[in-house]
Amino acid sequence: MTNNFMGRDGFTWFTGVVEDRQDPLQVGRVRVRCLGYHTENKEELPTADLPWASVMHPVTNPSMSGMGQTPSFLVEGTWVVGFFRDTDLQEPIIMGSLPGIPSKSADTKLGFNDPNGVYPRELNVSDVNDMARGEMNAKTPTKKNNNRLTAINPAVFSGVSVTTATGTEMAHGHTSIDPWDEPPVLDINGEFGSYKPEYPYNHVYETESGHSLSFDDTENQQRISLYHTSGSYIDFHHDGKTVDKTVANRFNLTEGISHTYAKDQMYITSGNHIMIRANDEQQPHNCVTIHVGKNGHINLVTDGGDLNLSINGNVRQKVSGNMTVNVGGKYYVESDGEMEFKAPRIDFNK
């Protein structure tokens with residue numbers, strides 16, 4: 001006797017359309033209207049009366065104990081293929097989904113359609129993602145390119161002229177760089193963008209709200225892109241360049257030691273304050289150290305404004321060599337206590 005024995009009663013397969021994914025058991029099941037087995041008349045067979053179908057996952061997804069990718073990512077309106085594991089045709093299993101080119105919008109009054117009328121989003125266009133098809137006007141790269149930050153001003157090296165016993169000297173350092181732009185995603189004004197995929201080499205995963213992950217294997221344009229629908233993203237360009245953009249607040253926490261290294265120059269620009277604090281009360285002396293190489297220069301430059309230094313405690317300054325202070329205007333010193341000068345020789349107005 002072979003009745004009701006799965007695997008020995010033949011293989012009954014079907015194609016159908018997902019009409020419901022709100023699984024009350026939250027195990028990723030979907031309700032499917034099966035072509036040839038169910039009528040499109042929703043008065044005769046409402047969506048709520050369709051059987052729940054389990055979704056088959058690949059061998060790279062364990063589908064248990066919260067591991068792997070769960071739940072299945074099938075939305076209302078998705079065409080699927082599957083089979084029945086029972087002779088009563090009440091236990092369907094989905095094996096996969098079927099992309100195509102939708103020719104008409106969803107009719108919410110009929111079965112084999114998205115009851116919510118959301119999908120398909122576009123007509124007469126391939127269901128394959130526009131970035132995977134290599135469309136240069138794809139939504140995500142266009143949005144990234146339109147929201148680029150440009151003309152970001154770096155710090156300016158002003159140079160320091162000092163008068164010493166041997167005459168006037170000019171302290172030299174790295175030359176300043178011009179304002180810089182966020183690297184373009186699309187070709188613009190003769191500047192080559194990072195996005196140039198060719199079908200079928202760009203492998204894209206995109207969610208309903210617009211989050212996306214792209215692995216582009218296009219020759220000479222290999223790229224990885226992680227995009228959040230808010231506009232924040234991380235791009236790894238084909239030449240190894242990385243662009244990391246956050247459109248809101250950013251928090252970077254390290255519970256161990258943090259190292260940052262730039263083989264060449266490093267520029268930090270803030271539209272407002274830059275604050276640095278050493279905040280370890282367990283150490284006897286909290287310390288902020290700036291170590292500059294030989295003949296280094298530390299420039300505090302203001303754009304025409306004042307520079308105010310405020311120290312709440314004592315200040316101890318040690319200079320191993322000569323110290324020169326050059327003031328272009330009035331030099332004013334005020335002390336509420338005693339002022340002491342100690343030197344083998346003190347010259348005034350020399």
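Of all the criteria given as (1) surrounded by 14 or more Cβ atoms within 10 Å (Cβ to Cβ); (2) at pLDDT 70 or above, the one not satisfied by G173 is (2). Within the range 52-82, the set of residues being open to solvent by less than 30 Å² (accessible area, probe 1.4 Å), at pLDDT 95 or above and over 15 Å from Q22 (Cβ atoms) comprises V80, G82. For the range 130-155, a residue qualifies if it is open to solvent by 30 Å² or more (accessible area, probe 1.4 Å) and either assigned to a loop (DSSP other than H, G, I, E, B) or hydrophobic (A, V, I, L, M, F, W, C) (or both), and the qualifying residues are R133, E135, M136, N137, N147, R148, L149, T150, A151, I152, N153, A155.
Based on what the data block shows, is T87 in a loop (DSSP other than H, G, I, E, B), surrounded by fewer than 17 Cβ atoms within 10 Å (Cβ to Cβ), in contact (Cβ under 8 Å) with a residue 60 or more places away in the chain and of a type in the set (V, I, T)? Taking the combined requirement at face value, the residue satisfies it.
The residues on offer are N326, N308, N322, N295, and the sole one that is more than 37 Å from the chain's Cα centre (by Cα), surrounded by 10 or more Cβ atoms within 10 Å (Cβ to Cβ) and over 30 Å from Y227 (Cα atoms) is N326. Of all residues in the range 228-241, exactly one satisfies the criterion of being farther than 16 Å from K196 by Cα and exposed (fewer than 14 other Cβ atoms within 10 Å of the Cβ), namely S230.
Hey, can you tell me all the residues within the range 1-18 that are at pLDDT 90 or above and among the polar types (S, T, N, Q)? Within the range 1-18, T12, T15 meet the criteria. Among the residues making up the range 39-51, those that are outside any strand (DSSP E or B) and under 18 Å from G16 (Cβ atoms) are T39, E40, K42, E44, L45, P46, T47, A48, D49, L50, P51. When Y201, Y267 are screened for being closer than 21 Å to T150 by Cα and out of contact with any His (no Cβ under 6 Å at 6 or more places or on another chain), only Y267 passes. Residues of the range 189-216 that are assigned to a loop (DSSP other than H, G, I, E, B), over 16 Å from N137 (Cα atoms) and open to solvent by 90 Å² or more (accessible area, probe 1.4 Å): N189, Y201. Selection of the range 41-92 for residues being of a type in the set (S, T, N, Q) and in contact with a Leu (Cβ under 9 Å, 6 or more places away or on another chain) yields N41, T78.
Of all residues in the range 90-117, exactly one satisfies the criterion of being within 21 Å of H211 (Cα to Cα) and surrounded by 13 or more Cβ atoms within 10 Å (Cβ to Cβ), namely S97.
Mind listing just one residue for me: the one in the range 20-38 that is within 33 Å of the chain's Cα centre (by Cα) and assigned to a strand (DSSP E or B) and, of those, surrounded by the most Cβ atoms within 10 Å (Cβ to Cβ)? Restricting to residues being within 33 Å of the chain's Cα centre (by Cα) and assigned to a strand (DSSP E or B), the top hit is V30.
The values are calculated or read from the model by the stated rules, or taken from the named source; none is laboratory data. In this text, all values refer to a predicted model and were calculated from it rather than measured experimentally. Backbone-built Cβ (ideal geometry, glycine too); neighbour counts: all protein chains shown. These accessible areas exclude ligands, DNA and RNA; they are computed on the full protein's heavy atoms, side chains included. Shrake-Rupley method; radii C 1.70, N 1.55, O 1.52, S 1.80 Å.
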